[in-house]
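Shown next, in structure tokens, is the structure this report addresses.
Laboratory data are not the source of any read-out in this text; all were calculated from the coordinates shown. These numbers were taken from a predicted model, which means no experiment stands behind them. As a convention, Cβ positions derive from the backbone with ideal geometry for all residues, glycine included, and neighbour counts pool all protein chains shown.
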């Protein structure tokens, strides 16, 4: 199903990458002559549903491919993301049994996946067999989405949309942790 990239030491190597331009909310793809060209653009609206709408940019203009709304469950307080890609809706959420910080989801035509955060703030996408498919890296203003598999169309679109959902998911969870820490500081100051 996927074609993987490896170096001479059998270490996974990116097959291709998108650069994320934070100023224009645009993913830039490598073009045929070494330049980067717009491939996806994101409309963000944190206060409304959906929180994020993703458009694929093509020769005939842009086409909406997916949306994401990150929410907090009123019952459990857990963060989850409602994602839609080509009209197929699914949820990204933590595995409640393991308490993992990975965001798991099932995509109907492609299988099971999880975005797993690491200590450097990067997110890595694994398939149901544990194969590394993609990595989102942040370094200051530079952000990059590396693909460790070659793919087109629906696979690439799924990775882009769920990467954005995973980043928003992580951001919202980070805010919750900050709020809890602030509350604990207030309580300890009152004691």
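List 75, 110, 133 from most exposed to least, where exposure is judged by having the fewest other Cβ atoms within 10 Å.
Starting with the residue having the fewest Cβ neighbours, the order is 75, 110, 133.
Highest first, please rank the peptides 152-163, 56-67, 116-127 by the mean number of other Cβ atoms sitting within 10 Å of their residues.
Going by the mean number of other Cβ atoms within 10 Å, highest first, we get 152-163, 116-127, 56-67.
Highest first, please rank the peptides 80-87, 45-52, 25-32 by the mean number of other Cβ atoms sitting within 10 Å of their residues.
80-87, 25-32, 45-52
Which of rounded, prolate, oblate describes the stretch 11-65, given a ≥ b ≥ c as roots of the alpha-carbon gyration tensor eigenvalues and a/c under 1.5 marking rounded, otherwise prolate only if a/b is larger than b/c?
It comes out prolate by the Cα gyration axes.
Between residue 60 and residue 88, what FRET efficiency comes out of the Förster formula 1/(1 + (r/R0)^6) with R0 = 30 Å and r the beta carbon distance, rounded to 0.05?
So the FRET efficiency works out to roughly 0.85.
Neighbouring Cβ atoms within 10 Å as the yardstick, rank 136, 115 fewest first.
136, 115
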